[in-house]
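No value in this document is a laboratory result; all are computed from the given coordinates. Fair warning: this is a prediction, and the values are worked out from it, not measured in the lab. We place every Cβ from the backbone using ideal geometry, glycine too, and count neighbours over all the protein chains shown.
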Amino acid sequence: MSRVSTLGEADKILSDAASPEVRAERDRLVQEFVEDRMKPQLLQEFETK
């Protein structure tokens with residue numbers, strides 16, 4: 001799991017809409033978050049109902 005290392009880096013990832021590289025990193029981080037945090041919870045909810 002990767003981590004954003006500095007506040008400046010986090011600000012850039014959240015606010016730089018022009019850079020394709022930053023957009024790709026933001027998309028990768030979102031996908032990682034969904035896979036690590038949301039998907040297990042959703043699967044558990046689905047399986048218990």
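Quick notes on this structure:
- Selection within the stretch 29-49 - among the acidic types (D, E) and surrounded by 12 or more Cβ atoms within 10 Å (Cβ to Cβ): E32
- Members of the stretch 17-28 found to be surrounded by 11 or more Cβ atoms within 10 Å (Cβ to Cβ) and either acidic (D, E) or out of contact with any helix residue (DSSP H, G or I) (no Cβ under 7 Å at 6 or more places or on another chain) (or both), listed by number: S19, R23, E25, R28
- If the condition is being over 15 Å from V4 (Cα atoms) and either in contact with a Leu (Cβ under 7 Å, 6 or more places away or on another chain) or part of a helix (DSSP H, G or I) (or both), then the stretch 19-39 contributes P20, V34, E35, D36, R37, M38, K39.
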